[in-house]
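FYI, it's all coordinate maths here, none of it is from the lab. Everything numeric in this text was worked out from a predicted model, so none of it was measured. Cβ: placed from backbone, ideal geometry, glycine included. Neighbour counts: every protein chain shown.
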Amino acid sequence: MTDLRTRFQDWLPRLVLSPSLAAVLVFVYGFIAFTLYLSFTDSRMLPSYDWVGLENYSKLWGLRHWHTAIANLGIFALLYITICTAIGLTLAIFLDQKIRGEGLLRPIYLYPMALSFIVTGTAWKWFLDPGIGLEHTMHLWGWESFEFGWIKDRDMAIYTVVIAAVWQSSGFVMAMFLAGLRGIDNEILKAAQIDGASNWNLYRRIVIPLLRPAFLSAFVILSHLAVKSYDLVIALTGGGPGRATELPATFMYSYTFTRNSMGIGAASAVIMLMTIAAIMTPYLYAELKDKG
Amino acid sequence: MGFLDIRNVTKSYGAVEVLHQVDISVQEGEFLVLVGPSGCGKSTLLNMIAGLEGITSGEIAINGRVVNAVHPSKRNIAMVFQSYALYPNMSVAQNMTFGLEMHGVPKPERDKALKDVAALLQIEPLLDRKPGQLSGGQRQRVAMGRALVRDPDVFLFDEPLSNLDAKLRVDMRTEIKKLHEKLKTTVVYVTHDQIEALTLSTRIAVMNGGYVQQLGTPQEVYDDPANVFVASFMGSPSMNLIPARLRLNGQAAVEIADGAGQPVALPLTGTPGGAQDGDALLFGLRPEALTDTEGADRHARNIVTFRNPVDVVEPAGSDTFVTTTLGGKDAISRMRADTRLTPGQTCDFAVNMDKAVLFDPRTEQRLRLT
Amino acid sequence: MSHATQDTAVRTGRIARTFIYLVLLLFALFYLLPFFVMLANSLKPLSEITGGNMMALPQDWTIAPWLSAWSTAQIGVEPTGLRPYFLNSILMVVPAVAISTVIGALNGYILTKWRFRGDTVIFGLMLFSCFIPFQIVLIPMARMLGLMGLAGSTPGLVLVHVVYGIGFGTLYFRNYYAAFPTELVRAAQIDGAGFFQIFWRIMLPVSGPIAVVNIIWQFTNIWNDFLFGASFADLDSMPMTVALNNLVNSSTGVKEYNVHFAGAILAALPTLLVYIVAGRYFVRGLMAGSVKG
């Protein structure tokens, strides 16, 4: 009954979509499976297919470098997410007060987002260098006792990564919150004021709870950026001093490509993926269910 | 066999059947309105006629040809959408001729068709504009023009007036009616507005819950409703449905409680078949069949009057609606505009029993008098 | 960003307002300072940097560091400057962005207007691919590129970026087309337009805003990428970011900070330019990708 052209038209959408689907299945999910498999083999410089079970994982968790990387990621993610959210929210609320020059300030807060982490790292590496950067400048300006040598300090270097990362991303978080604020129905605010709420209570009790979706999005975006962070560390500290600012992403790269321990590198990548999946999956599931 | 035949058509989404055994035959030149509350299946049915949704079982035939597996563009139909669905990037003229272009009609013919329809709808000055530059009423006209240009076998309208404001809606309603009388085309028109259904149609299919509740002329559907749903859905204010009891000793009558709770007997012109004395009934009475005594229909054969207190008086310009209590429920009476009544007062009500209808309160089906 | 600004109804006192402006200006300073320092010092001779104050404007203005960064600075072992790598990046970015925009538009169109059983799952698979840590695909990707004969080449990098750009492109166009009335597609179907005719004649002409968003997003991401460039490029296909990192971290000779800064600004220039020209769309795009995500 159905004429050929109609039947072809029915299948055309699926046909056009299939290369993308195939690419995603192979290059994303197939590759994930391959890396997962490698993490159970004794691959070193080249992939090998000799099964060693969980040996790579037990080796990995026995490595001091990995522990450093995980601890650094914990510190980095916690501070990065908290500070970005705090600054982003503050700036958004402040910018939302009929500020003169908002059109000028907003792009200033946002432009770091357009830069590569390599550029950001290069700028901050130098800015934080005690010999020529901030510390040196303060000395020249007469504040002789000023000291800011975190980038050269094994215990403090990870915090300089936080500073540079916050500099890059907090404006973006500001934009997310600002969009959220602008989406709130003004009548709700007016009603709350008529109810006698002070500004402080207005924000604490009404506005901030209404920004829940923006908080959630910010958290998801920032946490996955934190786990993926690689370029910034490379450009800012190179993982140093020593191995003090190693993160899982840099760990994976160096074990896989320079230390010829591909199995261990694969295992670390699997753990990174699992961390992100644990955060993303519930979020994506809820989003997709909503829109069905 | 009609011009458009819908034969035993059902629609299911997975295990859920949303349209049950719909059977409608439309003659050439008829104006069929599908009316019902949202979710009743009327739009689904329209989309199935258009070919935008598949048919789970049954058949749809247009002009003698079964079209179940035919692509929408090859069914020779045209459709006017609720949102008008004008292509925002094209001018009015391009919008109207896009379908002809897709069907490979040569440019001179397209231009001629465009010119004729634009003249008919008086939209010539709009042809070069973009849809974004048009008012709601103008967009509506263009959407109709796009359908007319195709000169289809069947016009499908999907709630075309629901996005217009009240006054424009009435004007466009008249215009659609005029157009239909002039062109004598076959139309299937979906709406949730019962007034549109009554004014426009030659026949109405009242739908609810995926069933066609009643199929008939506007007059039949209004005066002779098949069940409680049709009775209460059609007409505004809607039909009074008063709880009552059947009395069969002596002349057959319905007994209802008046405002004070006292029984009032209203004699019937026949008896409902198979009913027993004392059976519970729903007594259906249109507001215009419950009036003041001077306002009663002079040609009616069976008018009953009784006194009852007035609860609320609502002047509505051309009429005044008076609410009173019957059978423990509000009943609305339609009176003349100059009625001088105040709440609390008692007045004479006249019931036109010729227009009364009875329903079985359990099945909600009509009980016919014999 | 929702630009139909409805001003907040909140009122603030004079002292509070002064405080707010102060905070806003301080942060503006925080965001501008590193860039100002880079720019100022890229225009100084090296002697003025090592001995002088980084906050000061140049005394001896010079564009020599810029010329050096562009055409003569030592990248790795070759004194080529960043110019060839800048071209590499352009050759990589332009096709990758073009292809992934077309793919994203088609996917979004199909997933909203030609829905079929299982389409949500497919979209979910694509969406999740936006967020994977790319470390998980590095090893097999390197092998795959080798098998395909694309190892260390610009087409190889284009392929990588197109594949991992499918998710975001689809996301953007899907969200945009979801708001596009399906009745229009139905009307076009009744008018007799087919799958590609509807896409070409009805959807594409109104896709300008989202196409801009997607182009900016993909451009920024691909231009700024370091991981794939560092992993899969060789000397002839190395993109700008990797070259810049080599320049800055080359261990031979004196560290020419002024050249590094000029190079860093050169590397940032295309994305900054895009951002200045179309920044409002850029923000809107970020929103579409996150808040609505």
(request) Using Cα centres only, tell me the gap between region B:323-344 and region B:1-72 in whole Å. (result) 43 Å
(message) 7 Å from Cα along Cα→Cβ at both C:M55 and B:Q365: what's the point-to-point distance in nm?
(response) 9.3 nm
(request) Evaluate 2.2 N^0.38 Å with N set to the residue count of the protein assembly as shown, then give the Cα radius of gyration divided by it. (result) 1.25
(message) Under 28 Å between alpha carbons, and skipping anything fewer than 8 positions from A:K289 in its own chain: which lysines qualify?
(response) A:K228, B:K11, B:K42, C:K113, C:K292
(request) Quick one: check the C-alpha center-to-center distance for region A:107-122 versus region B:284-309, whole angstrom. (result) 82 Å
(message) Which one, B:V228, A:L110, B:A331, is farthest towards the positive end of the dipole of the protein assembly as shown when Lys and Arg carry +1 and Asp and Glu -1 on their Cβ?
(response) A:L110
(request) For chain B, find the longest principal axis of its Cα atoms and tell me its angle to the long axis of helix B:107-121, 0 to 90°, nearest 10. (result) 30 degrees
(request) State whether chain C is rounded, prolate or oblate according to the following rule on the C-alpha gyration tensor (a ≥ b ≥ c being the square roots of its eigenvalues): a/c under 1.5 gives rounded; otherwise a/b larger than b/c gives prolate, and the remaining case gives oblate. (result) oblate
(message) Averaged across A:216-226, how many Cβ atoms of other chains sit within 10 Å of each residue's Cβ atom?
(response) 2
(request) Report the calculated FRET efficiency for C:E78 and C:N249 (r = Cβ-Cβ distance, R0 = 22 Å), to the nearest 0.05. (result) 0.90
(message) If I take every Cα pair under 8 Å that is 6 or more residues apart in region C:1-133, average their sequence separation and divide by the length, what percent do I get for the relative contact order?
(response) 10 percent
(request) Please identify, among A:L63, A:L105, A:L21, the residue showing maximal mean-square fluctuation in a Gaussian network model of chain A using a 10 angstrom Cα cutoff. (result) A:L21
(request) Report, largest value first, the span of the C-alpha coordinates of region C:14-62 along each principal axis, in whole Å. (result) 47, 15, 14
(request) Give, rounded to the nearest 20 debye, the magnitude of the charge dipole that the protein assembly as shown has about its Cα centre when Lys and Arg contribute +1 at Cβ and Asp and Glu contribute -1 at Cβ. (result) 880 debye
(request) For A:E187 paired with A:L78, estimate the spin-label separation in nm (one decimal), with each label point 7 Å from Cα along the Cα-to-Cβ line. (result) 4.5 nm
(message) Quick check on my link table: of C:K44/C:K255; A:K125/C:K44; A:K125/A:K152; A:K98/A:K190; B:K107/B:K182, which ones sit more than 21 Å apart, alpha carbon to alpha carbon?
(response) B:K107/B:K182
(request) Please build a GNM for chain C, connecting alpha carbons under 10 Å apart, and tell me which residue among C:N221, C:N249, C:N41 fluctuates the most. (result) C:N249
(request) Would you calculate the separation in nanometres between label points at A:W11 and C:R143, each defined as 7 Å from the Cα along the Cα-to-beta-carbon direction? (result) 3.4 nm
(message) Given Cβ point charges of +1 (Lys, Arg) and -1 (Asp, Glu) and nothing else, what value in debye, to the nearest 20, does the dipole of region B:4-233 about its Cα centre take?
(response) 700 debye
(request) Name the lysines eligible as straight-distance cross-link partners of B:K355: C-alpha to C-alpha under 25 Å, and not fewer than 8 places from it in the same chain. (result) B:K329
(request) Summarise the partner chain shielding of B:72-78 as one whole number: the mean count of Cβ atoms from other chains within 10 Å of each residue's Cβ. (result) 4
(request) Filter the DSSP H helices in chain C by two things, a Kyte-Doolittle mean of at least 0.0 and an axial alpha-carbon span of 18 angstrom or more, and list the hits by number. (result) C:14-42, C:83-113, C:135-147, C:154-178, C:208-224, C:257-290
(message) Quick check: net charge around C:P45, other residues with Cβ under 12 Å of its Cβ, Lys/Arg +1 and Asp/Glu -1?
(response) -2
(request) With +1 on each Lys and Arg Cβ and -1 on each Asp and Glu Cβ, and nothing else charged, work out how big the dipole of region C:83-290 is about its Cα centre, in Debye to the nearest 20. (result) 440 debye
(request) Quick one: work out the % antiparallel among DSSP beta bridges in the protein assembly as shown, nearest 5. (result) 75 percent
(request) Kindly rank A:224-234, B:104-114, C:73-83 from highest to lowest mean number of other beta carbons found within 10 Å of each residue. (result) A:224-234, C:73-83, B:104-114
(request) Over the alpha-carbon set of chain A, work out the extent along each principal axis and list the three values in angstrom, largest first. (result) 75, 66, 31
(message) Just want the answer: with Cβ charges of +1 for Lys and Arg and -1 for Asp and Glu, which residue in B:A118, B:I55, B:T305 is farthest toward the dipole's positive end in chain B?
(response) B:A118
(message) Between C:A179 and B:D224, what's the calculated FRET efficiency when r is the beta-carbon distance and R0 is 35 Å? Round to 0.05.
(response) 0.15
(request) Could you compute the FRET efficiency for A:K289 and B:D111, with r as their C-beta to C-beta distance and R0 at 45 Å, rounded to 0.05? (result) 0.35
(request) Could you work out, residue by residue across A:22-30, how many beta carbons of other chains sit within 10 Å of that residue's beta carbon, and then give the average as an integer? (result) 6
(request) Specify which residue in the list A:L38, A:Y80, A:V166 is farthest towards the positive end of the charge dipole of chain A, using unit charges on the beta carbon of Lys, Arg (+1) and Asp, Glu (-1), about the Cα centre. (result) A:L38
